[in-house]
1. Can you tell me the dipole magnitude for region 46-148 around its Cα centre, using point charges on the Cβ only (Lys, Arg +1; Asp, Glu -1), in Debye to the nearest 20?
2. Just to be sure I understand: with springs between alpha-carbon atoms less than 10 Å apart, which residue in 143, 133, 82 has the highest mean-square fluctuation in the Gaussian network model of the chain?
3. Run the numbers for residue 173 and residue 37: contour at 0.36 nm per residue of separation, minus the present Cα-Cα distance, in nm.
4. Just the ratio, please: alpha-carbon radius of gyration of region 15-124 over 2.2 N^0.38 Å, N its number of residues.
5. May I ask you to compute the full-extension gain from residue 155 to residue 99, defined as 0.36 nm times their residue separation minus their alpha-carbon distance, rounded to one decimal in nm?
6. Over the heavy atoms of residue 42, what accessible area does a 1.4 Å probe trace out, to the nearest 10 Å²?
7. Could you work out which residue, out of 83, 134, 38, moves most in a Gaussian network model of the chain, that is, has the largest mean-square fluctuation with Cα springs under 10 Å?
8. Rounding to the nearest 20 debye, state how big the charge dipole of the chain is about its Cα centre with +1 on each Lys and Arg Cβ and -1 on each Asp and Glu Cβ.
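The values are calculated or read from the model by the stated rules, or taken from the named source; none is laboratory data. Because the structure is a prediction, the values reported are computed rather than measured. Note that we place each Cβ from the backbone using ideal geometry, even for glycine, and neighbour counts take in every protein chain shown. Protein only, heavy atoms only, side chains kept; ligands, DNA and RNA dropped before computing areas. Shrake-Rupley method; radii C 1.70, N 1.55, O 1.52, S 1.80 Å.
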Amino acid sequence: MVRLVLVLLVVCGVVVGCGSAEPEGPFPKRPAEIDVANVDPCVAMTPELRQRFGVEGDEPSVVALADGPSRVCGWGNNDSVDNYSVQTIQTPATKVATARGATVTVIDGYGAVRMVESEDTAPLCTLYLDAADNASVRVQIQDFGYDELTRGSSDDVCRRAEMLAQSYLKAARSR
């Protein structure tokens, strides 16, 4: 009987992964945890992205959220009426993964939640990056445009949000 129990435990551990250290939830295992409290969100906007998005200068701020202070860095393009922001949040991305309209995706190995709003009237794409067990990074881009002819599509806005998220992740991992 003892041998049978031992065999079952080995089979369970090897074949189906019982007790394995795989992450629970909708995201893959993170390549590395990011200490969002010590990575300035302004590092996301590289000189190349500044030129591509037509933005200048950083607009850093700290806002109070229910779960603690949050650092934000924003940028705007007055010619195309686009807004960009990267924000650290002391709430895990898993909290928004089941929200209405949320889509789980992966960006550079990190789990992310993608949400799109106002698709027809000023596309807003928000990405919540699974940066740490108890923290996430929110990347938002909204394209107001002057009218429907000058506004980008929600797919275009989300492509830009992914580029900004990738830039943040690259900078955060190098620190």
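1. Charge dipole, region 46-148, about its Cα centre: 480 debye, nearest 20.
2. Largest GNM mean-square fluctuation: 133.
3. 47.6 nm
4. 1.28
5. Here the answer is 18.2 nm.
6. Looks like 10 Å² after rounding.
7. Residue with maximal mean-square fluctuation among 83, 134, 38: 38.
8. The calculation lands at about 820 debye.
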